[in-house]
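The values are calculated or read from the model by the stated rules, or taken from the named source; none is laboratory data. What you see is a predicted model, and the numbers here were worked out from it, not measured in a lab. Heads up, the Cβs are rebuilt from the backbone with ideal geometry, glycines too, and the neighbour counts pull from every protein chain shown. Areas reflect the complete protein model, heavy atoms only, side chains present, ligands, DNA and RNA absent. Shrake-Rupley method; radii C 1.70, N 1.55, O 1.52, S 1.80 Å.
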Amino acid sequence: MDLTGCPATIVGGGIGGMAAALALARAGALVTVHEAAPALTEVGAGLQVSANGQAALRALGLADAPAGAVVSTGTVMRGHRGRAMTRLPPPAAGATWYVHRADLLSMLTEGAQAAGARIVTGSRLAPGEAGGDLVVAADGSRSAHRVLIDGPAEARFAGQVAWRALVPAGGTPAPEASLTMGPGAHVVSYPLRGGRLMNLVAVEERRDWTEEGWRLPGDPAEFRRRFSAFGGPLGDLIARVEEVNLWALHLRPVAERWQDGRTALLGDAAHPTLPFAAQGACLALEDAAILGRALALATDIPDALRRYEAARRTRAARVVRLAGGNAWRFHVRWPLTWGRAVVLRLGGGLLARGMDAVYDHDPATVAL
Ligand SMILES: Cc1cc2nc3c(=O)[nH]c(=O)nc-3n(C[C@H](O)[C@H](O)[C@H](O)COP(=O)(O)OP(=O)(O)OC[C@H]3O[C@@H](n4cnc5c(N)ncnc54)[C@H](O)[C@@H]3O)c2cc1C
């Protein structure tokens, strides 16, 4: 269908909302993005954009990597004292990029604005307030709009807390990720912004948590104490952390219903995920690329939203399930650690199992 002049409202200016704004504005819609935060600032830290996320960006007309992206040469799996156990080469589908969330968001925002989208910050829309013929609710994992479309979704604490920190690299880090596994905890680290910074995501099991949120301020001294068992170069990075945020991991099911004929859920609003497959942002980019294609092919908006939902729900649910499964593999305790060490030395295939189908997905070729 021709979207020229069609008024469209996007609720939420995160990665998903801005990608949707770009897709719709490129198709000629009159797009307004409402973002609750007072400004689009440097929030967040590192993101891994794997081959499927890169394919989604290409489908949205963005062929180049965001500024400062580091192209990965692979992942090294280590024991918590720093010893490398195995090295995984880049996936067959292509090398992952390590990017700062703010750099990816800037690239999407500039693209959306160049295509004509208007962005209003400091504007929190309640469900039912969004105007226009088409509404995209990209208001994150605690989406208020999801309730209208799919009913209430209970959040359950996943028993894990992620500490996130950025540390000056202090040298020239190898363009690779380390996945360092200890009993009841693991740390993912990789370089960002041309190698000037190191991104740390440190996940530990906790029973005592209630607060939901992904940017709670953390105490660096407590972080260092809790991860003091981690040694080697990672131990040095942990010792240098001066600012840290906490994210209490919560589980919510993937929405059963993604749209109501006028409003579509997109990104974490539709499919909140644990971070263990590093796919939340990539899935949001895929959603936006598919929504753009569905609108171009369909006869009207309800038809487009039906095609979008049908193409995305099974795919997102599969990736979310895989991410949930990785949690226990990273945290096994003795004596199972022995079995894991053997598997890792034999090639780490078990830990990477299933991921090829995640990476080898191009929204430009999905049947709609
Ligand atoms: C520790 C951690 C590591 C991660 N690592 C990766 C990774 O390596 N790779 C990857 O692909 N993904 C990763 N992710 C996931 C990724 O960050 C998210 O899945 C993705 O950013 C979701 O984007 P979104 O736009 O759907 O939601 P959000 O980023 O949550 O954006 C929602 C926006 O909507 C706004 N908003 C909410 N309600 C309203 C309202 N009523 N009106 C107006 N605005 C509203 C919010 O202010 C917010 O800006 C990670 C996440 C975390 C926490």
Problem - For THR109: the one exception among (1) assigned to a loop (DSSP other than H, G, I, E, B); (2) within 13 Å of the ligand (Cβ to nearest atom) - result: (1)
Exercise for the section: Considering only the stretch 69-89, state which residues are in a loop (DSSP other than H, G, I, E, B) and either within 15 Å of the ligand (Cβ to nearest atom) or free of Cβ contacts under 8 Å to residues at least 12 places away in the same chain (or both). Expected result: ALA69, SER72
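Got a sec? Which of HIS186, HIS145 is touching a residue at least 60 places away in the same chain (Cβ under 8 Å), within 14 Å of the ligand (Cβ to nearest atom), out of contact with any His (no Cβ under 6 Å at 6 or more places or on another chain) and part of a helix (DSSP H, G or I)? I'd like the intermediate steps shown before the answer.
Values: HIS186 fails: part of a helix (DSSP H, G or I).
Exactly one residue qualifies, and that residue is HIS145.
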Exercise for the section: Return the residue satisfying two criteria in turn: it lies in the stretch 150-167 and is open to solvent by less than 10 Å² (accessible area, probe 1.4 Å) and in contact with a Lys or Arg (Cβ under 6 Å, 6 or more places away or on another chain), and of such residues it is nearest to the ligand (Cβ to nearest atom). Expected result: VAL161
Exercise for the section: Mind counting the residues in the stretch 53-96 that are surrounded by fewer than 22 Cβ atoms within 10 Å (Cβ to Cβ), of a type outside the set (A, V, I, L, M) and under 22 Å from ILE290 (Cβ atoms)? Expected result: 6
Practice task
Give the stretch 238-258 a look and list any residue that's open to solvent by 20 Å² or more (accessible area, probe 1.4 Å) and either of a type outside the set (Phe, Trp, Tyr) or part of a loop (DSSP other than H, G, I, E, B) (or both), or say none.
Solution key: ALA239, ARG240, GLU242, GLU243, ASN245, HIS250, LEU251, ARG252, PRO253, VAL254, GLU256, ARG257
Practice task
For GLN113, indicate whether it is open to solvent by 40 Å² or more (accessible area, probe 1.4 Å), free of Cβ contacts under 8 Å to residues at least 40 places away in the same chain and polar (S, T, N, Q).
Solution key: yes
Exercise for the section: Any residue in the stretch 16-29 that's more than 13 Å from the ligand (Cβ to nearest atom): show its pairings with residues that are of a type in the set (S, T, N, Q) at Cβ separation under 7 Å, as long as the two are six or more apart or on different chains. Expected result: GLY28/THR4
